[in-house]
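**Q** Below is a structure I'd like to ask you about.
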Amino acid sequence: MSRIGKNPITIPAGVTVEVKDAVVTVKGKLGELSQEFSDVTVKVENDQVVVERSSDNKNERAKHGLYRALINNMVMGVSEGFSKELELVGVGYRASNQGQKLDLALGFSHNIVLEIVPEVKVETVSEKGKNPLVKLTSFDKQLLGQVAAKIRSFRKPEPYKGKGVKFVGEEIRRKAGKSA
């Protein structure tokens, strides 16, 4: 039995969960998310969401914990929200934003201008003597991770000097350079 799938999800105040035609819709103060599901049953019982499966076949076992985790992320997202921070490590690496347009100078001949989706809020912090930071916040965890991964993919951290775009708190495996 899935240990994660067995746990019920408590619904905080101000969040509504509806189940209709194999679609779960979660509404809260930060937004609204919906997720289709199959092979499991989702029930809303006295301020708790319970995900159950009918049999022990492999497909249902696999999706039991998955859909419970997805619904839990939706409930947490519309009530609290999620955030990620990216750090630009390198000489001359800069970040600025005008509204939802993120302008990155990452050592290429031209700056990279990225239009961020409206569900993800972007903020840049540049302090003297510290690496520039890009702060992303959203109620959709999957979309937030996708945008953060896209920004990171422009210049991944390299193992010799550690230059590039990395998540705050991410450990980069460093290699020793040539020794004479």
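**Q** List every residue pair whose Cβ atoms sit under 9 Å apart, with the two residues 6 or more apart in sequence or on different chains, where the first one lies in the stretch 1-29 and is polar (S, T, N, Q) and the second, anywhere, is part of a strand (DSSP E or B) and open to solvent by 90 Å² or more (accessible area, probe 1.4 Å).
**A** Thr25/Glu18; Thr25/Glu32
**Q** Residue pairs, Cβ under 9 Å, 6 or more apart or interchain, first in the stretch 109-123 and in contact (Cβ under 8 Å) with a residue 60 or more places away in the chain, second charged (D, E, K, R) and surrounded by 15 or more Cβ atoms within 10 Å (Cβ to Cβ). List them.
**A** So the pair list comes out as Glu119/Asp140.
**Q** Still on this structure: Exactly one condition in (1) in contact with a Gly (Cβ under 7 Å, 6 or more places away or on another chain); (2) open to solvent by 90 Å² or more (accessible area, probe 1.4 Å); (3) of a type in the set (S, T, N, Q) is not met by Ser109; state its number.
**A** (1)
**Q** While we're looking at this one, here's another question. If you take just the strands (runs of 3 or more DSSP E) that sit entirely in the stretch 47-106, which of them hold at least 2 residues that are among the basic types (Lys, Arg) and open to solvent by 20 Å² or more (accessible area, probe 1.4 Å)?
**A** none
**Q** Could you give me the residue pairs with C-beta distances under 8 Å whose first residue belongs to the stretch 152-175 and is without any contact (Cβ under 8 Å) to a residue 24 or more places away in the chain, whose second residue is surrounded by fewer than 10 Cβ atoms within 10 Å (Cβ to Cβ) wherever it lies, and which are 6+ apart or on separate chains?
**A** These pairs meet every condition: Pro159/Arg173; Pro159/Lys175; Tyr160/Lys175; Tyr160/Gly177.
**Q** Also, I was wondering about something else. Within the bounds of the stretch 130-152, is there any residue that is at positive phi, surrounded by 14 or more Cβ atoms within 10 Å (Cβ to Cβ) and not in a loop (DSSP other than H, G, I, E, B)?
**A** no
**Q** For the stretch 1-21, which residues satisfy the criterion of being open to solvent by 90 Å² or more (accessible area, probe 1.4 Å) and more than 18 Å from Val78 (Cα to Cα)?
**A** Met1, Arg3, Ile4, Lys6, Lys20, Asp21 - these are the residues of the stretch 1-21 that are open to solvent by 90 Å² or more (accessible area, probe 1.4 Å) and more than 18 Å from Val78 (Cα to Cα).
**Q** Looking only at the stretch 73-89, how many residues end up being farther than 30 Å from Ala105 by Cα and in contact with a helix residue (DSSP H, G or I) (Cβ under 9 Å, 6 or more places away or on another chain)? Give the derivation first.
**A** Applying the first criterion (farther than 30 Å from Ala105 by Cα) to the stretch 73-89 yields 73-80.
In the following step, the residues that additionally are in contact with a helix residue (DSSP H, G or I) (Cβ under 9 Å, 6 or more places away or on another chain) were identified as 73-74, 76-77.
Residues flagged as farther than 30 Å from Ala105 by Cα and in contact with a helix residue (DSSP H, G or I) (Cβ under 9 Å, 6 or more places away or on another chain) within the stretch 73-89 amount to 4.
**Q** Among the residues of the stretch 22-46, write down those that are in contact with a strand residue (DSSP E or B) (Cβ under 9 Å, 6 or more places away or on another chain) and assigned to a loop (DSSP other than H, G, I, E, B).
**A** Scanning the stretch 22-46 gives Ala22, Gly28, Leu30, Gly31, Phe37, Val40.
**Q** Let me ask something else. If you go through the stretch 50-92 one residue at a time, how many are in contact with a Gly (Cβ under 8 Å, 6 or more places away or on another chain), on the phi > 0 side of the Ramachandran plot and without any contact (Cβ under 8 Å) to a residue 60 or more places away in the chain?
**A** Here the count works out to 1.
**Q** Being basic (Lys, Arg) and out of contact with any strand residue (DSSP E or B) (no Cβ under 9 Å at 6 or more places or on another chain) narrows it down to one of Lys101, Lys121, Lys135, Lys128, so name that one.
**A** Lys128
The values are calculated or read from the model by the stated rules, or taken from the named source; none is laboratory data. Just so it is clear, the structure is predicted and the values come from calculations on it, not from any experiment. When we count neighbours, we look across all protein chains shown, and the Cβ atoms used for this are built from the backbone with ideal geometry, even at glycine. Side chains included, ligands, DNA and RNA excluded: accessible areas come from the protein's heavy atoms. Shrake-Rupley method; radii C 1.70, N 1.55, O 1.52, S 1.80 Å.
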